[in-house]
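Asks: Below is one structure. I have some questions about it.
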Amino acid sequence: MESETERVVKLLEKTAHMTPDERETYLANFLYFPPGTSNEQVIKTYTKWAPTYVETLSAGGYTGYLLGADEVTSRVPEDQRHSLRVLDVAAGTGSVGLELSNRGFKLIDALEPNEEMMKHLETTGVYKKKYLEFLGDGAKSVPSDAYDVLICTGAMVEGHIPAKGIEDMIRVTKPGGLIIIAMNKRFLHEVEEYKGLEHYMESLEKKSYWTKVEVKTVQKYFSDCEGIIFTYRVL
């Protein structure tokens, strides 16, 4: 089994070409959320990180929230945006919501499990309802068949949303609604939970839970790391 020291050395080698800010942000994700990270540990980390979260990601070259918002915008005609209900999953401090609001979406709700992050999110003024909970354990307070669009960016990280959380996403999205998931492509190979993620998504398609619209690789999701955006339509 790989030791913590060996893991850090490998991470430093991978980030040697990055700027100091990019390296700090990249390492934060891996060092804050090592293999086996629990939901409780995630909450504690974000409680401490919340005050500087946006600045850290911005300085590190993270663009996932922009790419996710771009994907939503490209798939919803402008004249429909004001009337569609959107759920921003693992909404963090509200960067995705702000982007969507600026692009004409007005009925945006947030699901975010950390109270400190939620406090920052509320200052954006763009969210109607806020659900303080994790996805993947039933998302109990979120109603079924409620949303036209579900967007999840940067939340498929160690200890965050388990693969089974996708079933919650499907449950709360209306038939015919879109689910858009943007994540660091490397996590499909580096995070144990997500090594079978694509196969799991395909198995849900075979069960007629949803159907694939598009899966595409995007550049510079974070620094020079590729991202991957999954777009599915609920059946």
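The values are calculated or read from the model by the stated rules, or taken from the named source; none is laboratory data. What you see is a predicted model, and the numbers here were worked out from it, not measured in a lab. FYI the Cβ positions are ideal-geometry reconstructions off the backbone, even for glycines, and counts take in every protein chain you see. Areas reflect the complete protein model, heavy atoms only, side chains present, ligands, DNA and RNA absent. Shrake-Rupley method; radii C 1.70, N 1.55, O 1.52, S 1.80 Å.
Asks: Please work out which one of (1) modelled with pLDDT under 95; (2) touching a helix residue (DSSP H, G or I) at 6+ places or on another chain (Cβ under 7 Å); (3) open to solvent by 20 Å² or more (accessible area, probe 1.4 Å) is the condition Lys212 fails and give its number.
Replies: Single failed check for Lys212: (1).
Asks: If we keep just the residues of the stretch 65-120 that are hydroxyl-bearing (Ser, Thr, Tyr) and over 25 Å from Lys216 (Cα atoms), which is surrounded by the fewest Cβ atoms within 10 Å (Cβ to Cβ)?
Replies: Ser83
Asks: Quick one: how many residues across the stretch 175-192 are closer than 23 Å to Leu67 by Cα and either charged (D, E, K, R) or open to solvent by 30 Å² or more (accessible area, probe 1.4 Å) (or both)?
Replies: 5
Asks: Restricted to the stretch 171-192, and to residues that are in a helix (DSSP H, G or I) and under 15 Å from the mean Cα position of the chain (by Cα), which residue is modelled with the highest pLDDT?
Replies: Filtering first and then ranking leaves Leu188.
Asks: Then there's this: Consider Met1 against the criteria (1) at pLDDT below 75; (2) out of contact with any Asp or Glu (no Cβ under 6 Å at 6 or more places or on another chain); (3) within 20 Å of His120 (Cβ to Cβ): it satisfies all of them except one. Which criterion is unmet?
Replies: Result: Met1 passes all but (3).
Asks: All but one of (1) open to solvent by less than 60 Å² (accessible area, probe 1.4 Å); (2) in contact (Cβ under 8 Å) with a residue 40 or more places away in the chain; (3) under 25 Å from Val86 (Cβ atoms); (4) not β-branched (Val, Ile, Thr) hold for Ser223; which doesn't?
Replies: Only one criterion in (1) open to solvent by less than 60 Å² (accessible area, probe 1.4 Å); (2) in contact (Cβ under 8 Å) with a residue 40 or more places away in the chain; (3) under 25 Å from Val86 (Cβ atoms); (4) not β-branched (Val, Ile, Thr) is unmet by Ser223, namely (3).
Asks: Here is a follow-up. Kindly list, by first and then second residue, each pair from a residue in the stretch 190-202 that is free of Cβ contacts under 8 Å to residues at least 60 places away in the same chain to a residue that is part of a helix (DSSP H, G or I) and crowded, with 19+ Cβ neighbours inside 10 Å, limited to pairs with Cβ atoms under 8 Å and residues at least 6 apart or on different chains.
Replies: Tyr194/Phe187; Tyr200/Ile166; Met201/Ile166
Asks: Can you tell me which residue among Thr124, Thr153 is within 21 Å of Thr93 (Cβ to Cβ), among the polar types (S, T, N, Q) and more than 17 Å from the chain's Cα centre (by Cα)? Can you show your working first?
Replies: Details: Thr153 fails: more than 17 Å from the chain's Cα centre (by Cα).
Thr124 is the lone residue from the list that is within 21 Å of Thr93 (Cβ to Cβ), among the polar types (S, T, N, Q) and more than 17 Å from the chain's Cα centre (by Cα).
Asks: With the checklist (1) open to solvent by 30 Å² or more (accessible area, probe 1.4 Å); (2) in contact with a strand residue (DSSP E or B) (Cβ under 7 Å, 6 or more places away or on another chain); (3) of a type in the set (A, V, I, L, M, F, W, C); (4) without any contact (Cβ under 8 Å) to a residue 60 or more places away in the chain in hand, flag the one item Leu135 doesn't pass.
Replies: (1)
Asks: Of all residues in the stretch 66-94, which are more than 27 Å from Asp137 (Cα to Cα) and among the hydroxyl-bearing types (Ser, Thr, Tyr)?
Replies: Of everything in the stretch 66-94, those that are more than 27 Å from Asp137 (Cα to Cα) and among the hydroxyl-bearing types (Ser, Thr, Tyr) turn out to be Thr73, Ser74, Ser83.
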